[in-house]
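> Here it is, the structure, as structure tokens.
The values are calculated or read from the model by the stated rules, or taken from the named source; none is laboratory data. If you're wondering where the values come from, they're calculated on a predicted model, not measured in any experiment. Reconstructed Cβ throughout: ideal geometry from the backbone, glycine too, with neighbour counts over all protein chains shown.
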Amino acid sequence: MAIPANTTVQRLLVVEDLEDARDMLQKLLALSLKIEVDAAENGAIALKMLAERPYSVVITDLRMPKLDGMQLIAEIQSRKIPVTVIVTTAHGSIQDAVSAMQQGAYDFLTKPVDTQHLILMIQRALRERILQDEVAALRAEIGERHAFRNMLSKSPRMLAVFDLISQVAETNSTVLIVGETGTGKEMVARAVHDASGSRRNGAMVSVNCAALSETLLESELFGHEKGSFTGAAAQRKGRFEQANGGTLFLDEIGDVPMSMQVKLLRVLQERRIERVGGTEPVEIDVRLITATHRSLEKLVAEGKFREDLFYRLNVIKIELPPLRERPEDIRQLVGHFLQKYRRPNHTNIEIGPEAMEALLGAPWPGNVRQLENAIERACVIVRNGVVGVEHLPSDIAGTATRSSEVKVDISRPLADQIAEMVAKIEEKYLRDAMRKTRGHVGNCAEISGLSRRSISEKLQQYQIEKADYKVDFSSDE
């Protein structure tokens, strides 16, 4: 049976070291499926071909010289090549099957292969591949709309920040980034620097002002001459000189001592520095970006921060909202961090509904950094590919609504509230069942005890799309 003409699937790749078997399988599949089929004699050649042309399905032997089937699967996974792998081998065993599936193989057949079974398996894999490719294309499109310089957001406030960064990039103005700890101030500074690449070819240099004493901070920023103090065995350029032609990012500027504030102000006014122990001024061309989680206005009012320096720094102000004020970003960020930290054998890792509820309800005092740490922890300890509340840090897990809690409103009829509760339970049951059966209505009907027709009607009632459960939506519930 041929693949439908409107499919985006174009090509298969057969990887087999035995020439006769390779040629026979290549011709058989091309004739039966009516699509293009290429062949490779080992995994090394197959990898080169996968790098040069897109393939939908790879059918590979396990035992081959140079690069065997297991190694090929591992390379495909590590390189994130979007292709489905079916394994065939004359040395089939349960252990081989388990290892291949753990590595990421779609399915496993032993030789001699039942050709009709293989063709049906490939047809099923091709149909699923089409869906996966469409989802990947949609995610890429969404990602382009909501991504900027390695930052992700759907929040209108963050999208406004992205626009401001683009505008600031065309200037040399000093930038002040304000936001709570963990909101991504250094990422924003990096985005400003990267977006300014056509105007500034130098490096971005970062300094955490809160981590250094006054004496060390002066030497770190301005450098020092040989012999200027005990231990100064040679001349050293400071961060201002290192960032010449580029960007200097001073994090936690609110913690800079008053005496150093005077020197920073002079640098901003004169655009030159003097190394510690030196007498010759050094001209600099540096864009200064500063950041703080503290209110500089309040520090000025308290006499702890110079007002004239504040106005020098506060030319362009970028305010980052805390994560709790942009909850619409949590799902997208969770999906991103799942992809970043998932282990190789957890290709379908996803967030369970209770865990997602806990994540959405958490206050996030540590903001995006705290969320990233929570997902990294979950990816390390999860075993079955589904992150539950038990895999989250205790402070986050505690925000989940307990299943025993029932909210009632005595001002409304009891029957109406019971009907609503039943509907919520029914919808949750169907979503979990569809997830477990990977979108198979028949299997969903079997485990629920309902008819296929009833399941289909309820899926329509609750707007549950079957296609949503045929691939992993790691960023959605």
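> What are the pairs, 6+ residues apart or on separate chains, where a residue within region 44-66 that is in a strand (DSSP E or B) has its Cβ under 7 Å from a residue that is hydroxyl-bearing (Ser, Thr, Tyr)?
That search, which allows pairs on different chains as well, returns 57/84; 59/88; 61/88; 61/89.
> Cβ-Cβ distance below 8 Å, separation of 6 or more or different chains: which pairs start in region 370-396 with a residue that is assigned by TED's automatic domain parsing to the domain that holds residue 432 and end on one that is charged (D, E, K, R) and in a loop (DSSP other than H, G, I, E, B)?
none
> Out of the residues in region 152-165 that are within 17 Å of residue 190 (Cβ to Cβ) and in contact with a helix residue (DSSP H, G or I) (Cβ under 6 Å, 6 or more places away or on another chain), which is surrounded by the fewest Cβ atoms within 10 Å (Cβ to Cβ)?
The residue in question is 152.
> Restricting to region 166-186, what's the tally of residues that are surrounded by fewer than 17 Cβ atoms within 10 Å (Cβ to Cβ) and out of contact with any helix residue (DSSP H, G or I) (no Cβ under 9 Å at 6 or more places or on another chain)?
The total comes to 5.
> Let me ask another. Just one of (1) at pLDDT below 95; (2) within 30 Å of residue 231 (Cβ to Cβ); (3) not β-branched (Val, Ile, Thr); (4) not in a loop (DSSP other than H, G, I, E, B) trips up residue 269, so point out which.
Of the numbered conditions (1) at pLDDT below 95; (2) within 30 Å of residue 231 (Cβ to Cβ); (3) not β-branched (Val, Ile, Thr); (4) not in a loop (DSSP other than H, G, I, E, B), the odd one out for residue 269 is (2).
> Considering only region 166-191, state which residues are among the polar types (S, T, N, Q) and under 15 Å from residue 254 (Cα atoms). Walk me through it before giving the result.
Just the residues of region 166-191 that are among the polar types (S, T, N, Q), to begin with: 166-167, 171-174, 181, 183.
Answer for region 166-191, where residues must be among the polar types (S, T, N, Q) and under 15 Å from residue 254 (Cα atoms): just 181.
> Only one of (1) charged (D, E, K, R); (2) loosely packed, with under 14 Cβ neighbours inside 10 Å; (3) modelled with pLDDT under 85 is not met by residue 453, so which one is it?
(3)
> Show the residue pairs that are 6+ apart or on different chains and have beta-carbon atoms under 7 Å apart, the first residue being within region 435-449 and closer than 18 Å to residue 127 by Cβ, the second being aromatic (Phe, Trp, Tyr).
Correct list of pairs: 438/469; 439/469.
> While we're on this one: With the requirement that a residue be farther than 22 Å from residue 429 by Cβ, part of a loop (DSSP other than H, G, I, E, B) and either at pLDDT 85 or above or of a type outside the set (Val, Ile, Thr) (or both), what does region 340-365 give you?
At the first step, the residues of region 340-365 found to be farther than 22 Å from residue 429 by Cβ are 340-347, 349, 362-365.
In the following step, the residues that additionally are part of a loop (DSSP other than H, G, I, E, B) were identified as 342-347, 349, 362-365.
Hits for region 340-365 are 342, 343, 344, 345, 346, 362, 363, 364, 365.
> Among the candidates 157, 236, 200, single out the residue that is under 19 Å from residue 291 (Cα atoms) and in contact (Cβ under 8 Å) with a residue 12 or more places away in the chain. Working first, answer last.
Numbers: 236 fails: under 19 Å from residue 291 (Cα atoms); 200 fails: under 19 Å from residue 291 (Cα atoms).
After ruling out the rest, the residue left standing is 157.
> May I pose another question? Take the residues in region 42-87 that are closer than 24 Å to residue 131 by Cα and polar (S, T, N, Q); name whichever of them is surrounded by the fewest Cβ atoms within 10 Å (Cβ to Cβ).
My answer is 78.
> How many residues are among the charged types (D, E, K, R) and not in a helix (DSSP H, G or I) if we restrict to region 217-266?
First pass over region 217-266, keeping only residues among the charged types (D, E, K, R): 218, 220, 225-226, 236-237, 239, 241, 251-252, 255, 263, 266.
Now restrict to residues that are not in a helix (DSSP H, G or I): 225-226, 236-237, 251-252.
The qualifying residues number 6.
> Can you pull out every residue in region 172-197 that is in contact (Cβ under 8 Å) with a residue 40 or more places away in the chain and of a type in the set (A, V, I, L, M, F, W, C)? Spell out the reasoning first.
Pass one, region 172-197, residues in contact (Cβ under 8 Å) with a residue 40 or more places away in the chain: 172-186, 188-196.
If the condition is that a residue be in contact (Cβ under 8 Å) with a residue 40 or more places away in the chain and of a type in the set (A, V, I, L, M, F, W, C), then 175, 176, 177, 178, 188, 189, 191, 192, 195 are the ones that fit.
> Hey, among 163, 194, which residue is under 22 Å from the mean Cα position of the chain (by Cα), within 14 Å of residue 249 (Cα to Cα), at pLDDT below 95 and of a type outside the set (Val, Ile, Thr)? Give the steps one after another, and end with the answer.
Details: 163 fails: within 14 Å of residue 249 (Cα to Cα).
One residue alone meets the criteria, 194.
> Need pairs with beta-carbon distance below 7 Å; first residue under 26 Å from residue 241 (Cα atoms) and modelled with pLDDT under 95 and within region 281-307, second loosely packed, with under 15 Cβ neighbours inside 10 Å and charged (D, E, K, R); sequence gap 6+ or separate chains.
281/272; 282/272; 283/271; 283/272; 284/271; 284/272
> What residue, of 149, 129, 157, 145, is at pLDDT 85 or above and within 23 Å of the chain's Cα centre (by Cα)?
Details: 149 fails: at pLDDT 85 or above; 129 fails: at pLDDT 85 or above; 145 fails: at pLDDT 85 or above.
The unique qualifying residue is 157.
> If you go through region 325-339 one residue at a time, how many are under 20 Å from residue 428 (Cβ atoms) and out of contact with any Asp or Glu (no Cβ under 7 Å at 6 or more places or on another chain)?
Of the residues in region 325-339, the ones under 20 Å from residue 428 (Cβ atoms) are 330-331, 334.
Filter again for out of contact with any Asp or Glu (no Cβ under 7 Å at 6 or more places or on another chain), leaving 330, 334.
Within region 325-339, residues that are under 20 Å from residue 428 (Cβ atoms) and out of contact with any Asp or Glu (no Cβ under 7 Å at 6 or more places or on another chain) number 2.
> If residue 332 satisfies every condition in (1) part of a strand (DSSP E or B); (2) within 30 Å of residue 350 (Cα to Cα) but one, which is the exception?
Condition not satisfied by residue 332: (1).
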